[in-house]
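The values are calculated or read from the model by the stated rules, or taken from the named source; none is laboratory data. Because the structure is predicted, anything quoted here is derived from the model rather than measured. Glycine gets a Cβ as well: all are built from the backbone with ideal geometry, and neighbour counts include every protein chain shown. For the accessible areas, the whole protein counts, side chains as well, though only heavy atoms, and no ligand, DNA or RNA atoms are used. Shrake-Rupley method; radii C 1.70, N 1.55, O 1.52, S 1.80 Å.
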Amino acid sequence: MLYPLAETTECDFKRKLETKKPKSWLKSVSAFANGIGGKLIFGIDDSGEIVGIIDAQKSAEAISDLIKTRITPTPQFILTLEKEQEKSVLILTIEAGRATPYYYKADGIREAYVRIGNESIVAPDYILNELILKGKNQSFDALTSDVKKEEYSFTLLEATYYERTLLKMEPKDYFSFCLADKRGYLTNAGRLFADQYIVYNSRVFCTRWNGLEKGSVFDDALDDKEFEGNLIYLLRSASDFIKNNSKVRFYKDVEYRVDKPDYAERAVTEALVNALIHRDYIVLGSEVHIDMYDDRLEISSPGGMFDGKAVQEHTIADIGSMRRNPVIADLFHRMKFMERRGSGLKKIISETEKLPGYNESLKPIFYSDGSSFRVILKNVNYGTTKVSDKVSDKVSDKLNEKEKCFFNVLMTLAKQHDFVTTKVVAEAAGMPEATTRRYLAKFSKMDIIVSDGKNRSKKYYLKNTSMTEANP
């Protein structure tokens, strides 16, 4: 058989079977069972060289016995013997378990392990709590709290539900949507949709950085906001922050204008919804982070992929619907904030691909590890801004509507000619030459264009360049 070239999230090499210190490999058994499963291959060293197992039958019996006595509950596993280069190799395949967490126990110690990269580590408290819920077939958002529904208001939820579905949210819907139980106690999902701020981790921190890297918020942030409370409020506030710190550039053809937003609005919404509904709310002191740079937008949320496998190890088109918070996801789906379940990441890619100026280098990036998930959207206008775009941003607020129309004509001509004359611009703009000269004089004073020559032979150029498009 073919073996991986190196240890991975799903594979661990062992040169020999340790029976006196079995924790060295049993912790990987625990980690694989608590995650997506995996293989332990005995008889291969860390470099991938096959060294073989001397007594394969005896080793197989020892492996089976140690798993049954040291791992609780006992995970599903298969032992197979392979012959490579006339050497015996034992392959221990551990299935992803349903009765999580799976503990290693010995000498009064009971520890659950998880796989991070190519290492098996003791599960942090928040991951252990999630494993406990998973083993009970429960989710954090469906757990009932000690908070009574009658003590809080839900005006934003009910107004938004009506706005997006044209249906009135009835009292019975709180139970049917799993926002409260029959006694009137809110679930954690219900608490997250209350108008009041009653879930401490329900927060979004937003920063627009100056440049391409993080720095000090006090010195290097152009804008920063912190939002806390209701999930719908967080979604809208975060969306507004991104919109306010993005630009919609444009280029104008002779007959119409083409908008060129930095980011696809629907892709941004999908990324924000993904962060809010799939994040791990058990992680104390955590929040969603939005970091905007000149060239990209990053949205990071606590908690990795719910199936335990890093998203970069998946094929995006094949990712199924596994929801950490199914109650929250279901309500967002009802309110049409998200597409059909399991399609969010694909939607982020497809919407970004529709942007003018898109190419493969601008494809969204998804990254996750055991504790976080990150979406990176690239600014499709970064590094490709044309002179006309720059000038448009510079003068837009200083012109009246007629001057803006004239300016758009001027920019259109700039794409077609090395220079323009008063007569050419006047004919294109449908204006008298006297008015055209006045407008051209104004743009000259604004330091946008320069002229060469006199009277009817005068030629006009964009400042420091020809009037053709050019990269900065």
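Filtering the range 178-202 to residues that are open to solvent by 40 Å² or more (accessible area, probe 1.4 Å) and in a strand (DSSP E or B) leaves only TYR185. Scanning the range 269-297 for residues that are among the β-branched types (Val, Ile, Thr), part of a helix (DSSP H, G or I) and touching a Ser or Thr at 6+ places or on another chain (Cβ under 8 Å) yields a total of 1. Taking the listed residues THR155, THR100, THR165, THR187, the one that is in contact with a Cys (Cβ under 9 Å, 6 or more places away or on another chain) and of a type in the set (Ser, Thr, Tyr) is THR187, with no other qualifying.
Under the condition of being in contact with a Ser or Thr (Cβ under 8 Å, 6 or more places away or on another chain) and farther than 14 Å from LYS404 by Cα, which residue from the range 429-456 is most open to solvent (accessible area, probe 1.4 Å)? Step by step, filter the range 429-456, then rank; the result is ARG456.
CYS206 meets each of the listed conditions (1) under 13 Å from SER153 (Cβ atoms); (2) touching a strand residue (DSSP E or B) at 6+ places or on another chain (Cβ under 6 Å) apart from (1). In the range 143-164, the residue that is nearest to SER30 (Cα to Cα) out of those that are open to solvent by less than 40 Å² (accessible area, probe 1.4 Å) and outside any loop (DSSP other than H, G, I, E, B) is SER145. When each of ARG296, ARG257 is tested for being modelled with pLDDT of 95 or more and either more than 28 Å from ASN118 (Cβ to Cβ) or buried (at least 19 other Cβ atoms within 10 Å of the Cβ) (or both), the lone residue that passes is ARG296. Looking at the range 384-452, the helices (runs of 4 or more DSSP H) lying wholly inside it that each contain 2 or more residues that are modelled with pLDDT of 85 or more sit at 422-429, 433-445.
Okay, residues lined up against (1) among the polar types (S, T, N, Q); (2) surrounded by 15 or more Cβ atoms within 10 Å (Cβ to Cβ); (3) within 35 Å of the chain's Cα centre (by Cα):
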| site | (1), (2), (3) |
| --- | --- |
| ASP12 | no, yes, yes |
| LEU17 | no, yes, no |
| GLY43 | no, yes, no |
| GLY52 | no, yes, no |
| GLU84 | no, no, no |
| LYS87 | no, yes, no |
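Counting only strands (runs of 3 or more DSSP E) that fall entirely inside the range 1-97 and contain at least 3 residues that are more than 26 Å from GLY304 (Cβ to Cβ), the qualifying elements are 77-84, 87-94. When the residues of the range 307-348 are filtered to those that are more than 30 Å from MET169 (Cα to Cα) and surrounded by 18 or more Cβ atoms within 10 Å (Cβ to Cβ), which remaining residue is nearest to the chain's Cα centre (by Cα)? Selected residue: VAL311. Restricting the range 100-112 to residues that are modelled with pLDDT under 95 and either hydrophobic (A, V, I, L, M, F, W, C) or in contact with a Pro (Cβ under 7 Å, 6 or more places away or on another chain) (or both) leaves a set whose member that is least open to solvent (accessible area, probe 1.4 Å) is ALA106. Given the criteria closer than 30 Å to LYS309 by Cβ and among the acidic types (Asp, Glu), does ASP107 qualify? The answer is no for ASP107. Taking the listed residues MET322, MET338, the one that is over 25 Å from ARG208 (Cβ atoms), in a loop (DSSP other than H, G, I, E, B) and without any contact (Cβ under 8 Å) to a residue 24 or more places away in the chain is MET322, with no other qualifying. For the range 365-378, the criterion of being among the charged types (D, E, K, R), surrounded by 14 or more Cβ atoms within 10 Å (Cβ to Cβ) and assigned to a strand (DSSP E or B) is met by at least one residue.
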